[in-house]
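Notes follow the structure.
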Amino acid sequence: MIGQLCATLTGVVSGGLGMNETQIQQQIRLSCSQGPARLWRNNSGKLPDPKTGRWVQFGVASPGGSDLIGYRQVVIGPEHVGRTMAVFTAVEVKSATGRATAEQRAFIQHVKQAGGIAGVVRSVDEARGLLGLD
């Protein structure tokens, strides 16, 4: 409900058609970073070190790290009764025609195999579904 209110107040469109990846990503980050989930932008790339001239790569799991990373809280098993746990989350945002690179697909698969939540999304609705927020 809070996410829907935020979406309405900020003009978030759930479809994603006609928007570029940056616009979709911003809407997903704002809509889905409430309640039990938090997402942050994972800026990645490489720049030359001004002192040495060597290229320095930055970003979580770069290249291939997802656009948005964060967590989704869950409550689990008897040994953790009443304790809230955070599950690592990686959201790769694509436009209607965008495709994940091989490195991005590998990162998503790795997160899933380790028990995290990860996937490619093209809209706020898809992101909310991936995070189990609906």
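Any read-out appearing in this document is the output of simple, stated calculations on the displayed coordinates, not a laboratory observation. Computed from a predicted structure; not experimentally measured. Counting neighbours? That spans all protein chains shown, and the Cβs are built from the backbone with ideal geometry, glycine included.
Key figures
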quantity	calculated
Pairwise label distance in nanometres, VAL81 with GLN113, each label 7 Å out on the Cα-Cβ vector	3.6
Taking only Cα atoms of segment 2-130, radius of gyration then Dmax in Å	16.3, 53
For peptides 63-71, 106-114, 75-83, 91-99, sequence by mean Cβ density within 10 Å, most packed first	63-71, 91-99, 106-114, 75-83
Segment 101-108 - phi-based ³J(HN,Hα) in whole Hz, Karplus 6.51/-1.76/1.60, Gly and Pro as x	6, 4, 5, 5, 4, 5, 4, 4
